[in-house]
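Following: one structure in structure tokens, then a few remarks.
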Amino acid sequence: MAQTIQKNIRVTPQQWKRVEEQAEARGVSANQLVVELAMEALERREWPRTEAEIRVARAALFAAQAIARDLTAAGREDEIQEIRDFISKIVPDVET
């Protein structure tokens, strides 16, 4: 078992009740759920940060797919990888 430390946080009774309900539904303790959610939030913190960024990313992926189909139809498949390489330099990979 990993070494642990004890820390105290302040929450309202309503907040803790909600955490407990969600934890029970997931089959974990309330404390474990809080830690898991906090770690997940920290790991995802960089990008995307907002719902707007998620929507922009989805729209960009849709547009990229349409462009890739047009390039393939025009016999310009070699340009698709060039575009993908450029995008990967701008947008970090997102773990799924």
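Under a 1.4 Å probe, what is the accessible area of the chain per residue, stated in Å²?
95
Calculate the dipole size of the chain relative to its Cα centre from +1 charges on Lys and Arg beta carbons and -1 charges on Asp and Glu beta carbons; express the result in debye to the nearest 20.
540
Rounding to the nearest 10 and keeping the result within 0 to 90°, find how far the Cα-based axis of helix 78-90 lies from the longest principal axis of the chain.
With rounding to tens, the tilt is 30 degrees.
Residue 2 versus residue 35, label points 7 Å from Cα toward the beta carbon: distance in nm?
The two pseudo-label positions are separated by 0.6 nm.
What is the gain in length, in nm to one decimal, between residue 55 and residue 82 on full extension, counting 0.36 nm per residue of separation less the C-alpha to C-alpha distance?
Taking 0.36 nm per residue and subtracting the Cα distance, the gain is 7.3 nm.
Which of rounded, prolate or oblate describes region 1-40 when judged by the alpha-carbon gyration tensor and an a/c cut-off of 1.5?
Since a/c reaches 1.5 but b/c is at least a/b, the shape of region 1-40 is classed as oblate.
Taking +1 at the Cβ of each Lys and Arg and -1 at the Cβ of each Asp and Glu, which of 64, 29, 50 sits farthest along the dipole of the chain towards its positive end, judged by Cα position relative to the Cα centre?
29
Once phi is turned into ³J(HN,Hα) by the Karplus curve 6.51 cos²θ - 1.76 cosθ + 1.60 with θ = phi - 60°, what whole-Hz value does each residue of region 31-39 show in order, with x for glycine and proline?
Each residue's phi maps through the Karplus curve to give 4, 5, 4, 4, 5, 4, 5, 5, 5 Hz.
Within the chain, what whole-number % of the accessible surface is contributed by carbon and sulfur, with the 1.4 Å probe and all protein chains included in the calculation?
Taking all protein chains in place, the chain shows 53 percent carbon and sulfur surface.
So what are the ³J(HN,Hα) numbers for region 50-59, from phi and the Karplus equation (6.51, -1.76, 1.60; θ = phi - 60°), rounded to whole Hz, Gly and Pro as x?
Rounded to whole hertz, the list is 10, 4, 4, 5, 5, 5, 5, 4, 4, 5.
May I ask you to derive the FRET efficiency for residue 66 and residue 22 from their Cβ-Cβ distance with R0 = 41 Å, giving the value to the nearest 0.05?
0.55
The values are calculated or read from the model by the stated rules, or taken from the named source; none is laboratory data. Small disclaimer: the values here were computed from a predicted structure and weren't measured. Counting neighbours? That spans all protein chains shown, and the Cβs are built from the backbone with ideal geometry, glycine included. With ligands, DNA and RNA removed, areas are computed over all heavy atoms of the protein, side chains included. Shrake-Rupley method; radii C 1.70, N 1.55, O 1.52, S 1.80 Å.
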